[in-house]
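The values are calculated or read from the model by the stated rules, or taken from the named source; none is laboratory data. Quantities reported herein were computed from a predicted structural model and do not represent experimental measurements. Cβ placement follows ideal geometry from the backbone for every residue including glycine, while neighbour counts extend to all protein chains displayed. Surface accessibility is based on the protein's heavy atoms, side chains included, excluding ligands, DNA and RNA. Shrake-Rupley method; radii C 1.70, N 1.55, O 1.52, S 1.80 Å.
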Amino acid sequence: MKQKLGIFIILAILVGVLFAIKQGAFTIKNEGYAKVKIPDVVDYNFHIKPILSDKCYTCHGPDANKRKAGLRLDLEENAFSELPESPGKHALVAGRPNMSMLYKRIVSEDSEEVMPPSDSQLKLNPHEKELIKKWIKQGAKFEKHWAYIPPVKS
């Protein structure tokens, strides 16, 4: 009898925990990101390329069949050239994040303009946005793939 009661109590606890999980009791609702220090020098290969690759290259990368707005962010010359759909505007303007459409779109509050778009299920966190802003301020320098950069003694 005690064994059956013990099993019943365990099952009741499990059902309660599963119900609480389903109701969202164990999720962080304020999207609180830990404050991580932005580095003094933002490195393209280490900081920026992974963000662009994960969040932007789906629509603005090497696949011509999936490319949107004629914008290709994986090639430096394309990222700095005039936007085909917005004459006079550029995705990246070295040293000027507020003139760079890439930065303006990732921080936009307008659901029609924000990048990545909400239907993509992708989102940049505040740390990633600050990294991109600082990278643009520092000149938005692209680098070769790390394997093609000769090692330098520190």
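Which angle between 0 and 90 degrees, to the nearest 10, do you get for helix 126-137 versus the longest principal axis of the chain when only C-alpha atoms count?
The helix 126-137 is inclined about 10 degrees to the chain.
In the structure shown, do any of Lys129/Lys153; Lys49/Lys137; Lys22/Lys68; Lys55/Lys153; Lys55/Lys89 have a Cα-Cα gap over 25 Å, and if so which?
Correct reply: Lys129/Lys153; Lys22/Lys68; Lys55/Lys153.
Would you calculate the separation in nanometres between label points at Phe46 and Lys2, each defined as 7 Å from the Cα along the Cα-to-beta-carbon direction?
6.1
Distances longer than 19 Å among the Cα atoms of segment 1-139: what percent of all pairs is that?
61
Scan the chain and hand back the longest stretch that contains none of the GluC sites (Glu not before Pro) lying in DSSP loops with at most 14 other Cβ atoms within 10 Å.
Longest run free of exposed loop sites: 32-84.
Taking H as built 1.01 Å from N, whose amide H comes closer than 5 Å to the amide H of Leu83, not counting residues under 5 places away?
Correct list: Gly88, Lys89, His90, Ala91.
Convert each backbone phi in segment 67-82 into a coupling constant with the Karplus relation 6.51 cos²θ - 1.76 cosθ + 1.60 (shift: θ = phi - 60°), then list the ³J(HN,Hα) values in order as whole Hz, x for Gly and Pro.
Values, residue by residue: 5, 10, 6, x, 9, 10, 8, 8, 10, 4, 4, 6, 5, 9, 7, 4 Hz.
Over the chain, give the accessible area per residue in Å² for a 1.4 Å probe, as an integer.
On a per-residue basis, 75 Å².
Taking the chain as the reference, fit the longest principal axis to its C-alpha atoms, fit the long axis of helix 2-22 to the helix C-alpha atoms, and give the angle between the two in degrees, 0 to 90, nearest 10.
That works out to roughly 30 degrees.
With loop defined by DSSP as not H, G, I, E or B, and exposure as at most 15 other Cβ atoms within 10 Å, which is the longest segment of the chain clear of exposed trypsin sites (Lys or Arg not before Pro)?
69-122
So what is the 222 nm mean residue ellipticity for the chain from helices alone, if each DSSP H run of at least 4 adds -39500 (n - 2.57) and you divide by all residues, rounding to the nearest 500 deg cm²/dmol?
Calculated from helices alone, the mean residue ellipticity at 222 nm is -10000 deg cm²/dmol.
Whenever you get a sec, compute what percent of the accessible area on segment 44-147 sits on carbon and sulfur atoms (1.4 Å probe).
51
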